[in-house]
Amino acid sequence: MKKVKYIVSACLIGERCRYNGEGKRHAGVVRFLRGKRYFALCPEMLAGWGSPRPPVQLHGGGASKVAEGKARIKDNQGRDRTASLIKGITKALRRALSLEAREAILKEKSPSCGVKRIYRDGKLTPGEGLFTHWLREKGIRVRSEQSFGVKRSRRP
Ligand code: SF4
């Protein structure tokens, strides 16, 4: 498999993988990646959730607490989706490591991909997503699409 320098949240290059069945193409990210070696992935699609799907949030703590089993990921109907998301994120992480990616460009505010802010316990809160947390632990540099110009959006 060809190595890449970057991985990117698939929604940022326009893949329709978000909870609402849409993509979130970011022109600055697409422009930056042009001509570069990158691989797009979506941990929530790798969890087998499909799109559209019920949105999820962190409950009871941040990503590190979820990783320790002390906080949970739940959907908007209160169903616990922690184990399932961890499976998807594990697949995404393995892919990033096997491709030897050194940097990730990720979608801000997502419970999986958020870099500085996430939805937690019903509020937009400082914190990182679960995928972001594990990427950082593996030494992969992360930044959000907002490094390439801010666009207003209400949800991940
Ligand atoms: S933010 Fe991450 S998990 Fe959410 S749709 Fe985009 S790639 Fe998938």
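The values are calculated or read from the model by the stated rules, or taken from the named source; none is laboratory data. These figures come from a predicted structure and were not determined experimentally. Cβ placement follows ideal geometry from the backbone for every residue including glycine, while neighbour counts extend to all protein chains displayed.
General observations
- Out of ARG16, ARG34, sole residue that is modelled with pLDDT of 95 or more and surrounded by 13 or more Cβ atoms within 10 Å (Cβ to Cβ): ARG16
- Filter result for ALA101 (among the small types (Gly, Ala, Ser) and touching a residue at least 12 places away in the same chain (Cβ under 8 Å)): yes
- Output for region 22-49, where each listed residue is among the small types (Gly, Ala, Ser) and within 11 Å of the ligand (Cβ to nearest atom): GLY23, ALA40, ALA47
- Residue match in region 76-92 (condition: closer than 16 Å to TYR6 by Cα and either of a type in the set (S, T, N, Q) or at pLDDT 95 or above (or both)): yes
- With respect to the stated conditions, TYR38 fails to be among the aromatic types (Phe, Trp, Tyr), within 22 Å of HIS133 (Cα to Cα) and touching a Lys or Arg at 6+ places or on another chain (Cβ under 6 Å).
- Residue within region 75-85 that is of a type outside the set (S, T, N, Q), buried (at least 17 other Cβ atoms within 10 Å of the Cβ) and closer than 17 Å to SER9 by Cα present: yes
- Residues of region 41-70 satisfying the condition of being more than 21 Å from LEU135 (Cβ to Cβ) and without any contact (Cβ under 8 Å) to a residue 12 or more places away in the chain: GLY50
- Residue check, GLU103 more than 15 Å from the ligand (Cβ to nearest atom) and among the acidic types (Asp, Glu): yes
- Hits in region 1-21 (condition: aromatic (Phe, Trp, Tyr) and either near the ligand (Cβ under 10 Å from one of its atoms) or touching a Gly at 6+ places or on another chain (Cβ under 7 Å) (or both)): TYR19
- Cross-chain or 6+ apart pairs with Cβ under 6 Å, region 137-149 first and under 13 Å from ALA96 (Cα atoms) and surrounded by 12 or more Cβ atoms within 10 Å (Cβ to Cβ), then hydroxyl-bearing (Ser, Thr, Tyr) and modelled with pLDDT of 95 or more: VAL142/THR132
- The set of residues in region 107-148 being closer than 13 Å to PRO43 by Cα, not in a helix (DSSP H, G or I) and not small (Gly, Ala, Ser) consists of LYS107, PRO111, CYS113.
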